[in-house]
Structures are given as structure tokens and as C-alpha cells.
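> Following this message is one structure expressed as C-alpha cells.
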Amino acid sequence: MPQSHGKRAAGVLLILGAALCFAFMNLFVNLAGELPVMQKVFFRNLVSAGVVFVLLCCSKEKFRIHSKECLLWLFLRSFVGFLGVILNFYAIDTIGSISDASILNKLSPFFAILFSVFLLKEKPKAYELIFVALAFFGALFVVKPTFTAASLPALAGVLSGASAGFAYSCVRVLGAKGERGLMTVFFFSAFSTLVALPFFVAFYEPMTPFQWASLLLAGVSATGGQFFITAAYRFAPAKEIAVFDYSQVLFAALLGFFFLHELPDVWSFAGYFIIIGAAAGKQLTAHLLFKREKRSALPAAQAETEQAQTESAPPPPPAPPTG
């Protein structure tokens with residue numbers, strides 16, 4: 001098997017592992033029962049902060065932040081990401097289906113396209129906007145808007161996706177500015193843990209051993225998901241493997257069915273199909289356009305090479321004298 005194919009296969013397996021970890025995180029958050037959302041958010045980030053803290057202590061650069069400008073973006077990414085986790089956990093607790101909550105949170109890549117216009121000055125292509133509109137149309141089947149308070153949990157799920165999309169755009173800015181991914185993860189986890197701590201103390205509710213275990217496992221699952229997805233994108237570019245991240249919805253549906261006896265209705269399944277189809281269609285279109293541009297650029301490059309070789313070739317020897 002060629003090396004590039006092997007790396008792509010490794011990337012796919014790693015991103016499937018990340019999707020499974022995040023699906024388990026949603027399950028454990030739900031299994032923790034009726035606890036304050038901030039209590040769940042605290043544990044989810046405490047484990048991540050602790051693990052990454054140890055890794056940074058062992059790293060060469062320790063806790064050095066690349067620049068003051070990066071510090072501002074780290075705060076922005078952490079604050080919006082923190083809001084996204086709160087909204088996601090609220091949706092998991094109240095929406096009635098962890099697979100519904102998962103698919104709404106997975107609107108984040110489509111929101112990231114929109115936010116990149118303002119944060120990265122990128123101009124989305126026409127086909128990207130078409131698939132964004134298609135994904136949001138699919139979300140309506142999951143949300144099933146009633147314009148009453150009954151739609152608030154689903155709206156929270158959509159907003160969690162928007163927050164995650166904004167946070168991912170901030171991560172791209174930080175990467176472009178040279179900030180380490182490990183530092184970005186630590187800053188977000190530590191920020192979320194410290195901000196959630198006063199609410200955790202003020203509104204703490206005693207927990208059973210099962211609830212303690214559930215929240216600790218939610219934190220372990222979230223940490224595993226972060227490391228898996230970071231490793232996945234080192235093996236293969238996002239354009240080749242990002243669509244496999246939507247397997248989290250399938251994993252969440254299976255876990256919800258077997259552990260929580262949840263079964264999404266036919267409208268939700270229709271929404272899953274449309275949103276995942278939009279993600280797959282966007283990735284396939286980008287891949288086909290890239291291949292076409294590469295093919296069209298090849299003859300031009302060959303012509304330039306041939307012209308350069310002709311110009312640099314020595315002149316032909318003079319013809320021998322005649323007569």
C-alpha cells in the first residue's frame with residue numbers, strides 16, 4: 001500500500017476513534033442524570049486540563065504563548081468554546097436524544113465557513129454556500145421548530161454548533177499565527193475549568209458513585225476525542241477525512257438506543273441524512289474541483305518546463321562549409 005494511502009487510512013481510523021469518544025462523552029453526560037450543567041462542564045474540562053498540563057510540563061517550550069496577539073485569540077476561542085460546551089450539555093440533557101444533540105453540534109463546520117469570512121477574510125465558494133444552506137435546511141427536520149419554549153433545547157444545540165464553528169475558526173487563526181495546538185487545548189480546558197469552578201461550588205449537588213464515575217468518564221472521553229482528532233489531522237488533511245467525523249451521529253444513535261432506549265423519529269433521521277449528505281457532497285465537490293484544477297495545471301506546467309529547456313539548450317553547431 002502506498003504511504004499516502006496508509007496515512008489516509010490511519011487518519012480515518014483516528015477520526016473514527018475521536019467520533020466514538022465524543023459519542024461516549026455525550027452518553028456519560030446524559031447518564032450523570034439531573035445535575036447542574038456547570039457541574040458537568042467542570043468535570044468535562046478538569047480531566048482535559050490535568051492531562052494536557054502534564055504534557056506541557058514535559059514539553060520543551062512549557063507554557064510559552066507565541067505572542068500577545070495569540071493571547072487575545074486564545075481568550076476569544078476559550079470563551080466562545082466554553083459557551084458552546086454549556087449549550088451542548090444543556091441540549092444533551094433536555095433535547096431527548098443524544099444523536100439529535102450530536103448532529104446539531106456537527107453543524108459547526110458549516111458555521112465555520114461563514115465565520116471564516118469575518119475572521120480569516122476568506123471568500124466561500126458558491127458550492128460551499130449551497131451545501132451550507134442544505135445543511136441548515138436539514139437541521140430544521142431535527143429541530144422541528146414550534147416557536148415555543150419546547151424548541152429551546154434544539155435551538156441550544158444549533159447555537160452549540162455555531163459556537164464550535166466560531167471556536168474552530170479561532171483555532172485556524174491561532175495555527176496561522178504559529179501557536180501550538182497543545183497550548184490551545186490547555187488554555188481552553190483551563191479557562192473553562194476556572195470559570196466553571198465558582199458555579200460548581202455555589203450550586204454543587206451531592207453525587208452518587210455512579211454519577212462521579214459518569215462525569216469522570218465524560219472527561220476522559222472528551223480528552224481522548226481531542227487527542228484522536230488532533231492526531232488524525234496530522235496523518236491526513238481535513239478535506240480527505242473530515243466527513244468521517246459525522247460517524248459520531250451513528251455512534252450516538254447506537255449508544256442512545258442500547259443504553260438510554262432512545263429512538264429518533266423519522267424526521268430526525270431525514271435531517272441526519274440531509275446534513276451528512278451535505279457534508280459528504282461538499283467534501284466530494286471540493287475533491288473533484290481540486291483534481292480538475294490539478295489536471296488543467298499540468299499541461300501548462302509541462303509547457304513552461306519544455307520552453308525553459310529549449311531556451312537554456314546550447315545553440316546547434318554551425319553547418320559545415322560547402323564547396
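> I'd like to check which helices (runs of 4 or more DSSP H) are fully inside region 82-181 and have at least 3 residues that are out of contact with any Cys (no Cβ under 9 Å at 6 or more places or on another chain) and among the polar types (S, T, N, Q).
Result: 98-105, 152-176.
> As an exercise: evaluate G50 against (1) in contact (Cβ under 8 Å) with a residue 12 or more places away in the chain; (2) within 19 Å of F200 (Cβ to Cβ); (3) open to solvent by less than 40 Å² (accessible area, probe 1.4 Å) and give the number of the one condition it does not meet.
Exception for G50: condition (1).
> Does A232 satisfy being under 14 Å from the mean Cα position of the chain (by Cα) and either buried (at least 20 other Cβ atoms within 10 Å of the Cβ) or closer than 30 Å to H287 by Cα (or both)?
On the way: under 14 Å from the mean Cα position of the chain (by Cα): yes; either buried (at least 20 other Cβ atoms within 10 Å of the Cβ) or closer than 30 Å to H287 by Cα (or both): yes.
Taking the combined requirement at face value, the residue satisfies it.
> Could you please tell me which pairs satisfy a Cβ distance under 8 Å, a separation of 6+ or placement on different chains, a first residue in region 1-27 that is at negative phi and among the charged types (D, E, K, R), and a second residue that is modelled with pLDDT under 90 and not in a loop (DSSP other than H, G, I, E, B)?
Hits for this filter: K7/F235; R8/F235; R8/E240; R8/I241.
> Looking at (1) touching a residue at least 24 places away in the same chain (Cβ under 8 Å); (2) of a type outside the set (G, A, S); (3) in a helix (DSSP H, G or I), can you tell me which one V201 breaks?
(1)
> Every residue in region 1-45 that is outside any helix (DSSP H, G or I) and closer than 20 Å to A196 by Cα, please. Even if it seems obvious, please write down each step before you answer.
First, pick out the residues of region 1-45 that are outside any helix (DSSP H, G or I): 1-2, 32-36.
Answer for region 1-45, where residues must be outside any helix (DSSP H, G or I) and closer than 20 Å to A196 by Cα: A32, G33, E34, L35, P36.
> When only residues in region 46-78 that are part of a helix (DSSP H, G or I) and hydroxyl-bearing (S, T, Y) count, which is farthest from the chain's Cα centre (by Cα)?
Looking at residues that are part of a helix (DSSP H, G or I) and hydroxyl-bearing (S, T, Y), I get S48.
> When you scan region 5-21, do you find a residue that is open to solvent by 50 Å² or more (accessible area, probe 1.4 Å), under 19 Å from the mean Cα position of the chain (by Cα) and within 25 Å of F210 (Cβ to Cβ), even just one?
Scanning region 5-21, I find at least one residue that is open to solvent by 50 Å² or more (accessible area, probe 1.4 Å), under 19 Å from the mean Cα position of the chain (by Cα) and within 25 Å of F210 (Cβ to Cβ), so the answer is yes.
> Restricted to region 269-299, and to residues that are within 30 Å of A101 (Cα to Cα) and free of Cβ contacts under 8 Å to residues at least 12 places away in the same chain, which residue is surrounded by the fewest Cβ atoms within 10 Å (Cβ to Cβ)?
L284
> Whether any residue in region 242-262 is closer than 30 Å to F63 by Cα, of a type in the set (G, A, S), at pLDDT below 90 and part of a helix (DSSP H, G or I) is what I want to check.
Checked against the condition, which is being closer than 30 Å to F63 by Cα, of a type in the set (G, A, S), at pLDDT below 90 and part of a helix (DSSP H, G or I), region 242-262 yields at least one hit.
> Would you tally the residues in region 87-126 being open to solvent by 20 Å² or more (accessible area, probe 1.4 Å), within 24 Å of L255 (Cβ to Cβ) and free of Cβ contacts under 8 Å to residues at least 60 places away in the same chain?
Total meeting the criteria: 1.
> Does any residue of region 133-155 turn out to be among the polar types (S, T, N, Q) and either at positive phi or open to solvent by 20 Å² or more (accessible area, probe 1.4 Å) (or both)?
So far as region 133-155 goes, yes, one or more of its residues are among the polar types (S, T, N, Q) and either at positive phi or open to solvent by 20 Å² or more (accessible area, probe 1.4 Å) (or both).
> To continue, here is another question. Condition test on F43, is it of a type in the set (F, W, Y), within 30 Å of A253 (Cα to Cα) and at pLDDT 90 or above?
Taking the combined requirement at face value, the residue satisfies it.
> Here is a follow-up. What do you reckon, is L76 open to solvent by 50 Å² or more (accessible area, probe 1.4 Å) and within 20 Å of A162 (Cα to Cα)? Outline the logic, then answer.
Working: open to solvent by 50 Å² or more (accessible area, probe 1.4 Å): yes; within 20 Å of A162 (Cα to Cα): yes.
Criteria met by L76.
The values are calculated or read from the model by the stated rules, or taken from the named source; none is laboratory data. All values reported here derive from a predicted model rather than from experimental measurement. In this analysis, Cβ positions are derived from the backbone assuming ideal geometry, glycine residues included, and neighbour counts consider all displayed protein chains. What goes into the accessible areas is simple: the full protein's heavy atoms, side chains included, and nothing from ligands, DNA or RNA. Shrake-Rupley method; radii C 1.70, N 1.55, O 1.52, S 1.80 Å.
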